[in-house]
Amino acid sequence: MYLKSWVHEDISIGLCYYAVDTSSYIPHQIKSGPGTFIVEEIIDENLLSTDGDIHIYKIDKAWGVDSTQIIEYLRRYGAYPLGRKDKYADAIQYILSKRRMRKSGFEYVGSIPKGIRTSELHIGNRFEIEVHVEDLARYREDIEEIVYEKLLSSNIPNYYSYQRFGIFRINHLRGYRLIREVASLPQKDLGKEVTNTYGGKDIARLLINSFQAYVFNHTLNASIRRSGDLPKSLQKIFVKKIDGGEEVDGCPVLGYSLTDIPQDIEDILKIMGISVGELKRILYRLRYLGIDVYGDLRPTKIVFLETPEIEFQGQTAKIKFSISRGQYATQVLREIFKPKYPSKQGY
């Protein structure tokens, strides 16, 4: 049974339900400083060799370093990161390069053949998060019950989480505004509009991705309201795990390439005053600026790769869990602690 969220910040970006059936708010704070939010990328080591075309390195990303800074730095060497990581996290992540790099802090781990997609190499992320809990003694048993009994037995919606919508949680609105403006401009003026108004194609892509995320979140919500469950799909997604894998239901992330559009997405866009066909045409036009919003399938639920664990010390709960790539640790924390003021609590 899903519970409604009454938190305005959640509702404004489409995080409308909880899967874990405890309604109590637990006062807490996350991301309080270096060492309190640690993430490590998990790769499929079976794909590694010693004579591949793409070389792989392990690096440590410090708290406060933005992924954009890492990307810009690596571009000078023709290299790129396996995935983006939160600015306010200590991270162990992997770098891919077509040529060997001999730089301090880059640990060589092997190589892969050309043609292997990063989605095949990157299985997921392992988190170790320290949460400061007010009056921990009062909430300790509740937290333990959720972590050890409820997380794995609940179909947690695989929402796009807070980070996708920016600090002020309005990136989806800016993305929608960009889309509407693109619809009214001739093709020759698109590049100027994107550069002058939105700061270039990278920012424009981020805003449109946020709009996609908003539509996806509400597609999950529509199914929960109607049937009390996440969407069921004839299309399954194979999710890699550390040992084997699992087929899960997938739900479309709207893009210009999608042909089988669920009615829920059509209804959501209709409320916004735009049709699926019109939106796809607009997104297709953006391809010519290098903004490729192709569309995809995304798992409807959070997929855990290992059994969650928790330790307590003083007023701190240290939670350890791993989830599939592209999924958000904050969605797991949200289910446990039910934040009332997410942006003020580190989300």
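The values are calculated or read from the model by the stated rules, or taken from the named source; none is laboratory data. Nothing here was measured: the structure is a model prediction, and the numbers come from that model. Cβ coordinates were reconstructed from backbone atoms using ideal geometry, including for glycine residues, and neighbour counts include every protein chain displayed.
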> Counting residues that are of a type in the set (Asp, Glu), which helices (runs of 4 or more DSSP H) fully inside the range 112-213 reach at least 3?
Replying inline: 136-145
>> I want to confirm something. Restricting to the range 303-335 and keeping residues that are closer than 23 Å to CYS16 by Cα, surrounded by fewer than 23 Cβ atoms within 10 Å (Cβ to Cβ) and of a type in the set (A, V, I, L, M, F, W, C), which single residue is nearest to the chain's Cα centre (by Cα)?
In response: VAL303
>> Just to be sure before I move on: is ILE112 surrounded by 21 or more Cβ atoms within 10 Å (Cβ to Cβ), β-branched (Val, Ile, Thr), assigned by TED's automatic domain parsing to the domain that holds TYR341 and more than 17 Å from the chain's Cα centre (by Cα) in the structure I sent?
In response: yes
> So PHE165 fits all but one of (1) free of Cβ contacts under 8 Å to residues at least 60 places away in the same chain; (2) surrounded by 14 or more Cβ atoms within 10 Å (Cβ to Cβ); what number is the exception?
Replying inline: (1)
> Just one of ARG84, ARG99 is under 22 Å from the mean Cα position of the chain (by Cα) and either modelled with pLDDT of 95 or more or part of a loop (DSSP other than H, G, I, E, B) (or both); which is it?
Replying inline: ARG84
> Do we find a residue being in a loop (DSSP other than H, G, I, E, B), among the hydrophobic types (A, V, I, L, M, F, W, C), assigned by TED's automatic domain parsing to the domain that holds ALA204 and under 22 Å from the mean Cα position of the chain (by Cα) anywhere in the range 276-292?
Replying inline: yes
> Which residue out of GLU145, GLU149, GLU134 is in contact with a His (Cβ under 8 Å, 6 or more places away or on another chain) and either over 16 Å from THR330 (Cβ atoms) or assigned by TED's automatic domain parsing to the domain that holds GLN315 (or both)?
Replying inline: GLU134
